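J.: Sharing a structure below in structure tokens format, with a few things to ask.
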Amino acid sequence: MADSSQPLVYLVGAGPGDPGLLTLRAVECLAQADVVVYDKLVPSRLLQHAPPTARRVCVTDLPGHHPHQWPHIQRLLIDEARQGKCVVRLKGGDPFLFGRGGEEAEALRQAGIPYEVVPGVTAALGAAACAGIPLTHRDRASAVALVTGHEDPSKPGSLLDWSLLARFPGTLVIYMGIGRLGVIVPELLRHGCAAETPAAAIQWATTGEQRTVTAPLAELPGAVQAAGLGPPAIVIIGPVAQLREQLGWFEQRPLWGKRILVTRPRAQAHELIRRLEILGAIPVLLPTVEVREPADWAPVDRALTALSSYQWLVFTSANGVHFFLRRLRQRGADLRVLGGVRLAAIGPATADALRQYHLEPDLVPSEYRSERLAEALAPHVAGRRVLLARADRGREVLRQELSAIAEVEQVAVYSQVDVVAAEPQVLDALSRGAIDYVTVTSSNIARALDRVLDEPSRERLRSGQVAVVSISPVTSAAVRELGWRVAAEASEYTTAGVVAALVRLAKTPD
Ligand code: SAH
């Protein structure tokens, strides 16, 4: 609920598409939202910054169609704010550039509702940066005009004078004009713009889907049509557009344009997705398992009560660490109860999870694998009591090996469940060959993936038409058991290792 001294409605720019281009202020506003009203073009991942309990409304779900929708949007903002709710109106790019943010602010002002405007990275800036086209340049352009291409140039009452724009001494950036280039370009040429003026059109700028077409102005409409570019796109006209040849960088990133299936649980997929995006890939999420609270906390609670009777506490996943420590806190205890127990972590990600709580593991095996963990623990645990905190399913190697020499208690601190049905669009993309790589980060995930796939997709994995990248030798063995080929395996058994393996694979000529 909003603090009464704060504005009630935030008109927030969501940036041009890359979720990393949201401002810190936007994140602050989203974090306190009771209601988020967002545009269709806004990347859905940004909504994760809002509390899970916040109401989320996409404007396309409101009655009417553009522009009849606008009164409904304004009504909604006002009604929610009047109920004391903190409302975030999340708009593509910047709210005050071609997004009717001005009209929304006017409506709020008339209704007497306080608001704050949070600027965003507008599409022109995102497109220019990611196409490698500086909008100004000492030798080429000292001014920029941001123009809408939506208005009909022949329409009486148009605010735009294309004869003046044709003589504009600088860079022209046209929003919403990609479908009207057949009218706009002849108009500019007719009024004196040189036919050979460098020009570029950039679609889905700043995202893995970005496509760019460059051509001399007179040829741009034909080139755009031939390439099949459509909205949303930005058109940049002026001598600066030529700089792309030297300054383009976006398409040179190692995973650029590769569609990569991420099969981790939704709540844990973010890190891998972000690493892939930054390298230019188009991550596609298909969670195959989800983690939940264990069916029964009683065994965990008993172990927590008896913690001082154990000499070792062993974690085999970052999830195990988080669920165990959360339960410990829920029961009113704190880290001091771990004072007498030594800690082991199976690998680097698990060790990092412990460090998040300022706990340094006493033991991490040199190779991230149950067998190595058992070997490393063996000299320390003979005749001792060992507590294994883990998922309710998984390999039994550790317990089996340690039970021979130590007193081992194993408790399920979380439960791993298969996702029952995969998103049909993702399965469709996989079976059509529209996915380049499939990442598999555990044996359980491999088996769960197999269960949700349809036969055409499975066949692609079997034949190696889609390259499978696995996190470790154990996971690769599980993948091969399913009859699929493994195209690459991480040498460090972490998500960073998977990404490095993908980069190596992408560099290898087909
Ligand atoms: N307020 C927004 C603009 C809204 S108008 C902003 O500041 O960016 C919608 C137009 O923005 C689209 O027709 C297109 O011209 C442009 N646009 C938005 N996102 C884009 C993207 N990712 N790539 C290219 N153009 C984009």
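The values are calculated or read from the model by the stated rules, or taken from the named source; none is laboratory data. Just so it is clear, the structure is predicted and the values come from calculations on it, not from any experiment. Using ideal geometry, Cβ is built from the backbone for each residue, glycine included, and neighbour counts are taken over all protein chains shown.
J.: If residue 247 passes every condition in (1) of a type in the set (A, V, I, L, M, F, W, C); (2) over 22 Å from residue 185 (Cα atoms); (3) within 15 Å of the ligand (Cβ to nearest atom) but one, which one does it miss?
T.: (3)
Table: residues versus (1) more than 15 Å from residue 113 (Cβ to Cβ); (2) at pLDDT 95 or above.
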| residue | (1), (2) |
| --- | --- |
| 5 | no, no |
| 10 | no, yes |
| 14 | yes, yes |
| 24 | yes, yes |
| 30 | yes, yes |
| 38 | yes, yes |
| 41 | yes, no |
| 86 | no, yes |
| 91 | yes, yes |
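J.: Also: Write out, first by first residue and then by second, each pair whose Cβ atoms fall under 8 Å of each other, whose residues are 6+ apart or on separate chains, and whose first residue, in the stretch 337-348, is in contact (Cβ under 8 Å) with a residue 60 or more places away in the chain and surrounded by fewer than 19 Cβ atoms within 10 Å (Cβ to Cβ) while the second is among the hydroxyl-bearing types (Ser, Thr, Tyr) and part of a helix (DSSP H, G or I).
T.: none
J.: Now, a different point. Of all the helices (runs of 4 or more DSSP H) wholly in the stretch 154-243, which have at least 2 residues that are within 16 Å of the ligand (Cβ to nearest atom)?
T.: Of the helices (runs of 4 or more DSSP H) lying wholly inside the stretch 154-243, those with at least 2 residues that are within 16 Å of the ligand (Cβ to nearest atom) span 181-190, 220-227.
J.: Could you tell me whether the stretch 399-406 includes any residue that is free of Cβ contacts under 8 Å to residues at least 12 places away in the same chain, out of contact with any Gly (no Cβ under 6 Å at 6 or more places or on another chain), assigned by TED's automatic domain parsing to the domain that holds residue 313 and crowded, with 16+ Cβ neighbours inside 10 Å?
T.: yes
J.: What residue, of 78, 113, 73, is among the hydrophobic types (A, V, I, L, M, F, W, C) and within 16 Å of the ligand (Cβ to nearest atom)?
T.: Answer to the selection: 73.
Conditions tested, residue by residue: (1) more than 30 Å from residue 214 (Cβ to Cβ); (2) β-branched (Val, Ile, Thr); (3) surrounded by fewer than 18 Cβ atoms within 10 Å (Cβ to Cβ).
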residue	(1), (2), (3)
90	yes, no, no
94	no, no, no
127	no, no, no
130	no, no, no
133	no, yes, no
159	no, no, yes
172	no, no, no
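J.: Across the stretch 118-153, what is the total count of residues that are within 16 Å of the ligand (Cβ to nearest atom), assigned to a strand (DSSP E or B) and not polar (S, T, N, Q)?
T.: From the stretch 118-153, those within 16 Å of the ligand (Cβ to nearest atom) are 118-133, 135, 144-152; that's our starting set.
Right, trim to assigned to a strand (DSSP E or B) and you get 118, 144-148.
Okay, now just the ones that are also not polar (S, T, N, Q), so 118, 144-147.
Matching residues across the stretch 118-153 total 5.
J.: While we're here: Select from the stretch 307-362 the residues that are assigned to a helix (DSSP H, G or I) and of a type in the set (Val, Ile, Thr) and list them in ascending order.
T.: 321, 337, 350
J.: Of these, 468, 438, 486, which one is assigned to a loop (DSSP other than H, G, I, E, B), in contact with a helix residue (DSSP H, G or I) (Cβ under 9 Å, 6 or more places away or on another chain) and closer than 17 Å to residue 260 by Cα?
T.: That would be 486, the only listed residue that is assigned to a loop (DSSP other than H, G, I, E, B), in contact with a helix residue (DSSP H, G or I) (Cβ under 9 Å, 6 or more places away or on another chain) and closer than 17 Å to residue 260 by Cα.
J.: I'd like the residue in the stretch 303-320 that is in contact (Cβ under 8 Å) with a residue 24 or more places away in the chain and touching an Asp or Glu at 6+ places or on another chain (Cβ under 9 Å) and, out of all such residues, is nearest to residue 430 (Cα to Cα).
T.: 318
Conditions tested, residue by residue: (1) surrounded by 22 or more Cβ atoms within 10 Å (Cβ to Cβ); (2) of a type in the set (Ser, Thr, Tyr); (3) over 23 Å from the mean Cα position of the chain (by Cα); (4) more than 30 Å from residue 311 (Cβ to Cβ).
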residue: 415; (1), (2), (3), (4): no, yes, yes, no
residue: 423; (1), (2), (3), (4): no, no, no, yes
residue: 434; (1), (2), (3), (4): no, no, no, yes
residue: 438; (1), (2), (3), (4): yes, no, no, yes
residue: 462; (1), (2), (3), (4): no, no, yes, yes
residue: 480; (1), (2), (3), (4): no, no, yes, yes
residue: 487; (1), (2), (3), (4): no, no, yes, yes
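J.: Scanning the stretch 81-110 for residues that are away from the ligand (no atom under 12 Å from the Cβ) and among the small types (Gly, Ala, Ser), which turns out farthest from residue 147 (Cα to Cα)?
T.: 84
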